[in-house]
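Asker: The following block contains the structure, expressed as structure tokens.
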There are 2 protein chains.
Amino acid sequence: MSTQSNKVINIKDRSGITTEPLAGSEKFYIKGSRDDLLVPFRQIHLTDTPNANPELAAIPNEPVVVYDTSGLYTDPKASIDIEKGLPLIRQTWIDERDDTEQLAEFSSAYTREQDAQDFDIPLFDHRRLPRKAKAGKNVSQMHYARQGIITPEMEYIAIRESMGREALAQRGELPENMEHYITAEFVRKEVAEGRAIIPANINHPETEPMIIGRNFLVKINANIGNSATTSSIEEEVEKMVWSTRWGGDTIMDLSTGKHIHQTREWIIRNSPVPVGTVPIYQALEKVNGVAEDLSWEVFRDTLIEQAEQGVDYFTIHAGVRLAHIPLTVNRTTGIVSRGGSIMAAWCLAHHEESFLYTHFEDICEIMKAYDVSFSLGDGLRPGSQADANDEAQLAELKTLGELTTIAWKHDVQVMIEGPGHVPMHKIKENMDLQLEWCHEAPFYTLGPLVTDIAPGYDHITSGIGAAMIGWFGTAMLCYVTPKEHLGLPNKDDVKTGIITYKIAAHAADLGKGHPGAQIRDDAISKARFEFRWEDQFNLGLDPDTAREYHDETLPQPKAKVAHFCSMCGPKFCSMKISHDVKAAFAEKSQEFKEGGSKIYRQV
Amino acid sequence: MSTQSNKVINIKDRSGITTEPLAGSEKFYIKGSRDDLLVPFRQIHLTDTPNANPELAAIPNEPVVVYDTSGLYTDPKASIDIEKGLPLIRQTWIDERDDTEQLAEFSSAYTREQDAQDFDIPLFDHRRLPRKAKAGKNVSQMHYARQGIITPEMEYIAIRESMGREALAQRGELPENMEHYITAEFVRKEVAEGRAIIPANINHPETEPMIIGRNFLVKINANIGNSATTSSIEEEVEKMVWSTRWGGDTIMDLSTGKHIHQTREWIIRNSPVPVGTVPIYQALEKVNGVAEDLSWEVFRDTLIEQAEQGVDYFTIHAGVRLAHIPLTVNRTTGIVSRGGSIMAAWCLAHHEESFLYTHFEDICEIMKAYDVSFSLGDGLRPGSQADANDEAQLAELKTLGELTTIAWKHDVQVMIEGPGHVPMHKIKENMDLQLEWCHEAPFYTLGPLVTDIAPGYDHITSGIGAAMIGWFGTAMLCYVTPKEHLGLPNKDDVKTGIITYKIAAHAADLGKGHPGAQIRDDAISKARFEFRWEDQFNLGLDPDTAREYHDETLPQPKAKVAHFCSMCGPKFCSMKISHDVKAAFAEKSQEFKEGGSKIYRQV
């Protein structure tokens, strides 16, 4: 049935996975307080600025350091073997805490059943037995934070979020609050108070720690996953690598087709970023797609199955209560969240309160035994401008606030999912109500799309809303691709979605005045003004596309140092003229002083 | 030198110009108070909503009426002959006012020189002699408005801006201020008070009247034009048709290469939308690209040349004063406006005040004799986040406010150009200062780009800023294409730029609560929820791309009525489940009433 045009890659062959560094970039690591705490960064090397006087030496430009989500895949020194998975960088830290134990077998009945079967798909061979908190222990980063413990994960994040600090210090522009902003203690405090989360399942020791909270850099999530109609395991692993290459901070595996369990194993073992899922999707597969047949038991086993694989956060639509359903029946677009519609169907079929709501504390018990974070799903988010900020949406948001309080009682980390489709003048209300009702738990929004009329361009309709809500305080933005509402995204769509959302997140960082955020803008603007074309490409979010666009009309190598491009041509380049103006001004200033400082020669 | 991949079209052959109607759309006209006042609209025909009970008749959906900028090119009944140009729909109106006269020859020396030469390019054969105001007459729409005269242009605009009024009336949702909002008298008042302009040169009677002002629909402009390195006359005419097809409200011809005069003639004679230019570009060509050699005389002749061809608005960088230049020398990106850098170079070379500033009243005299509107250029707009809202930019903006007052003294229409590169938190300040300092003259901004780090994606970085500043009150948004900073846009880039800016403008209309703006969103959302795929495509800004994306994975005809797409597959479509929920709820509601109205069966 699939007509996907993506190249099908062989998962057993490294050649199918994208591994080269980004153009002009080099990976490097900053060591923390211990030898096994190595925080990755990417530095973009720049060419020299030619001296106006050609007899004088060119002026060097410092490399620009940027946050790096791409894992070892962009490190040429790393040995990549996706059959073995990534190194377990957090394993020692987890072991040292001495509050977990390796189990003798998987706790999930479903996992054991699957393991007993034969499959005609490649299986991940180097699977480990799961770890779980020892009896009575809570292994969440929030729990440690509230005990006053600074974990290596927190220190790692403090270094990671300090991107640009060195450059600011060099420029003598380090803000006074910068030291405070990025200390491990600040990370701990934000996590302890619930304003930020560190999604880091003890069964995903491959993950490079990162934080989601509005006092840190704005993050983005990329959704991948197959559906019943298209896509394969192989494509999904490469989509994960591809997503993180371009800047995805987390990925969600939203698979709903065949072999969900096996696909996820491949993804998690090879993912340097936290992985989220919506467990109800797989639970529904287990009951053959009949929502009515779902039960707490099936769902509970699915949570444990996924927690023991290493999923870092679960979207759980526990806010869709039976009493909310009447609020949705007169909507223009009803319930547009898959999980929300499944739970609404279940509630109505049984005429009972949602088992996600009634068993919420049971869920917390599972979460804290593996440190899985909640992403409390907005099952009643608006699917159209017409439904934005309506009673159904707001009733659910209030419920999510109540559930946050319960989760925090268990020291379980929580973020809150948000819309959706919202016109510009209603976006801020979403953010403000979320902060108030959900006690400042991080907000994680999908878009929002600021109009419904552009299918094929919903990365843009939503990128506008995402930038705004990020600026207002949303901690993580879930990307939308050009295929939204139309079909499953392919690799190109994933990249377009990621880059669009990196734009939104970075614009939000600038808008919020995040220290250091503007360093890259300043560097690219300087490169642009100095006609350092290669630097301009490499400092961009997508060097390949920038270069390709430039070369479409001016492919000659000498054009890469030319003082113009095909947009204006040589005579009409404002930047070229502006340099002449600057030089002339320096000359005139001298004359001006000599001539008695009259501004006008004739008036 | 050109390696442009665009198909080169034969301008003598209609087949090279895109003329078919948009998918699912039909052009129609609403007649005003006179037979020759026919206002174009596009109606998107919709399929019926299938009845839940298949034995009952399907429910028809009313067509959705949208604003139409595409001229006769999308009217299959029209006879298109680009060698003859468009019909002169405003000629009678202009003649009836009896305040203009046809000249015996072109007033511009340059025009007469060109006419005496032979060219190896196709020339527009059906050129008319120019019209000019009779001695002592002022023929600007602002002048008429201030006399209390409602011109046919104003009535035309009132009807055109009422898009959606019928639909709102049908739904009983016509707002109380709606009548006021769209009357011809309201149009007149807005023009008289300077809050809106109607760019409508008496020598461009082909133009379909439109208005630019913040109390009307937000408009967008597309820049076209060749540069010295690439593109041809033929491509530029098709780019104009192509731009208006997708929604460009005005176009600017920014040509800087060869045959500027002849290219412009082809464009204007065939353009249904107002055409803007930056006359200093052509003036500079006339002095062989040496800014120092520019003079008031060359510039004046260029203004007259272009006014007599029918250019509707002129970008004039009269706000770049000699005293402002020192404010730019320490900027990260200097002067990034072509016109601004040219004038700065001239001022410095001569050490004199700009002749655009000193001759501003002479320029007004020319403008009012043809009804050319000012687009006061922001020659000192920031070219980077680092330079946003700096002293140079704001000093120029203040000057533009002074010039506005002078232009209005002459009853000459004015809009004000704005930036540029501005981070989100500084956008509103731009809008607020512009309104205050420029006395509410319409603002016309380029983006702004909310970050500098995404070359190749600057339609998106700027679309974010454009949506926001449009919402804050900008009247027209100048598009940016993916090629910005990298090269001259091709046809695909032009379309991407236009669609991105239609999104921004429409999002702004929604944000501002423009009556009727949400009708199309509601219709597409209903179509989406009812799985009317064809309607969803056709109601979108770009039906072709939406259909192509959908068909990439599900090309079968039956997929166009399927209750799912490849994104989620059949079992996981939230909208499908939501319909089941709605049906189940109706059933349960009945049980609920019969069962004594207890919400929960068991708690």
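The values are calculated or read from the model by the stated rules, or taken from the named source; none is laboratory data. Treat the numbers as computed from the prediction; the structure is a model and nothing was measured. Here the Cβ is made from the backbone with ideal geometry for all residues, glycine too, and neighbour counts use every protein chain on show.
Asker: Within the stretch B:93-104, can you find the residues that are surrounded by fewer than 14 Cβ atoms within 10 Å (Cβ to Cβ) and under 32 Å from the mean Cα position of the chain (by Cα)?
Answerer: Across the stretch B:93-104, the qualifying residues are B:Glu96, B:Asp98, B:Glu101, B:Gln102, B:Leu103.
Asker: Name the strands (runs of 3 or more DSSP E) wholly within the stretch B:1-68 that hold at least 2 residues that are modelled with pLDDT of 90 or more, buried (at least 17 other Cβ atoms within 10 Å of the Cβ) and more than 14 Å from chain A (Cβ to nearest Cβ)?
Answerer: B:38-44
Asker: Oh, and also: Across the stretch A:422-445, what is the total count of residues that are surrounded by 24 or more Cβ atoms within 10 Å (Cβ to Cβ) and either within 18 Å of A:Ala318 (Cβ to Cβ) or more than 11 Å from every other protein chain (Cβ to nearest Cβ) (or both)?
Answerer: 8
Asker: Does the stretch B:508-518 hold any residues that are closer than 20 Å to B:Glu26 by Cα and at the interface with another protein chain (Cβ under 10 Å from one of its Cβ atoms), and which are they?
Answerer: Answer for the stretch B:508-518, where residues must be closer than 20 Å to B:Glu26 by Cα and at the interface with another protein chain (Cβ under 10 Å from one of its Cβ atoms): just B:Ala517.
Asker: Could you grab me the full set of residues in the stretch A:495-504 that are more than 10 Å from chain B (Cβ to nearest Cβ) and of a type in the set (A, V, I, L, M, F, W, C)?
Answerer: The one that is more than 10 Å from chain B (Cβ to nearest Cβ) and of a type in the set (A, V, I, L, M, F, W, C): A:Ile498.
Asker: Please verify whether A:Ile267 is assigned to a helix (DSSP H, G or I) and either buried (at least 23 other Cβ atoms within 10 Å of the Cβ) or in contact (Cβ under 8 Å) with a residue 12 or more places away in the chain (or both), treating the condition exactly as stated.
Answerer: Against the criterion (assigned to a helix (DSSP H, G or I) and either buried (at least 23 other Cβ atoms within 10 Å of the Cβ) or in contact (Cβ under 8 Å) with a residue 12 or more places away in the chain (or both)), A:Ile267 qualifies.
Asker: Something else now. Can we say B:Arg528 is within 8 Å of another protein chain (Cβ to nearest Cβ), touching a helix residue (DSSP H, G or I) at 6+ places or on another chain (Cβ under 8 Å), under 30 Å from B:Ile577 (Cα atoms) and buried (at least 24 other Cβ atoms within 10 Å of the Cβ)?
Answerer: No.
Asker: Does B:Thr545 qualify as being among the polar types (S, T, N, Q) and more than 24 Å from the chain's Cα centre (by Cα)?
Answerer: Numbers: among the polar types (S, T, N, Q): yes; more than 24 Å from the chain's Cα centre (by Cα): no.
Taking the combined requirement at face value, the residue does not satisfy it.
Asker: Pick from A:Leu541, A:Leu554, A:Leu510: which is of a type in the set (A, V, I, L, M, F, W, C) and in contact with a Pro (Cβ under 6 Å, 6 or more places away or on another chain)?
Answerer: The unique qualifying residue is A:Leu510.
Asker: Take the residues in the stretch A:133-149 that are closer than 19 Å to A:Thr183 by Cα and of a type in the set (S, T, N, Q), then tell me which one is surrounded by the fewest Cβ atoms within 10 Å (Cβ to Cβ).
Answerer: A:Gln147
Asker: Return the residue satisfying two criteria in turn: it lies in the stretch B:473-494 and is touching a helix residue (DSSP H, G or I) at 6+ places or on another chain (Cβ under 7 Å) and more than 10 Å from every other protein chain (Cβ to nearest Cβ), and of such residues it is surrounded by the fewest Cβ atoms within 10 Å (Cβ to Cβ).
Answerer: Going through the qualifying residues, I end up with B:Lys491.
Asker: Here is a further query. Hey, can you tell me all the residues within the stretch B:275-331 that are among the polar types (S, T, N, Q), farther than 26 Å from B:Gln413 by Cα and in contact (Cβ under 8 Å) with a residue 12 or more places away in the chain? Steps first, please.
Answerer: Here is the first cut: in the stretch B:275-331, the residues among the polar types (S, T, N, Q) are B:277, B:282, B:288, B:295, B:302, B:306, B:309, B:315, B:328, B:330.
Those left that are additionally farther than 26 Å from B:Gln413 by Cα: B:288, B:328, B:330.
The one that is among the polar types (S, T, N, Q), farther than 26 Å from B:Gln413 by Cα and in contact (Cβ under 8 Å) with a residue 12 or more places away in the chain: B:Thr328.
Asker: Find the residue count for the stretch A:467-491, including only residues that are in contact (Cβ under 8 Å) with a residue 60 or more places away in the chain and over 21 Å from A:Arg338 (Cβ atoms).
Answerer: Final tally of qualifying residues: 5.
Asker: Considering only the stretch A:558-566, I want to know if a residue exists there that is at the interface with chain B (Cβ under 9 Å from one of its Cβ atoms), without any contact (Cβ under 8 Å) to a residue 24 or more places away in the chain and charged (D, E, K, R).
Answerer: no
Asker: Right, next: Scanning the stretch A:152-168 for residues that are among the hydrophobic types (A, V, I, L, M, F, W, C) and at pLDDT 90 or above, which turns out surrounded by the most Cβ atoms within 10 Å (Cβ to Cβ)?
Answerer: Going through the stretch A:152-168, the residues among the hydrophobic types (A, V, I, L, M, F, W, C) turn out to be A:154, A:157-159, A:163, A:167-168.
If we keep only those that are at pLDDT 90 or above as well, we get A:154, A:157-159.
Working: A:Met154: 24, A:Ile157: 29, A:Ala158: 23, A:Ile159: 23.
In this case the residue turns out to be A:Ile157.
Asker: Of the residues that sit in the stretch A:380-402 and are within 24 Å of the chain's Cα centre (by Cα) and within 30 Å of A:Lys189 (Cα to Cα), which one is farthest from the other protein chains (Cβ to nearest Cβ)?
Answerer: A:Gly401
Asker: If you don't mind, another one. If you take the residues in the stretch B:288-303 that are outside any helix (DSSP H, G or I) and more than 10 Å from chain A (Cβ to nearest Cβ), which one is surrounded by the most Cβ atoms within 10 Å (Cβ to Cβ)?
Answerer: Among them, the one singled out is B:Leu294.
Asker: How many of the residues making up the stretch A:454-465 are assigned to a helix (DSSP H, G or I), within 9 Å of another protein chain (Cβ to nearest Cβ) and in contact (Cβ under 8 Å) with a residue 24 or more places away in the chain?
Answerer: Qualifying residue count for the region: 5.
Asker: From the list B:Ile268, B:Ile280, B:Ile251, exactly one residue is within 12 Å of chain A (Cβ to nearest Cβ) and at pLDDT 95 or above. Which is it?
Answerer: Just one listed residue meets the conditions, B:Ile280.
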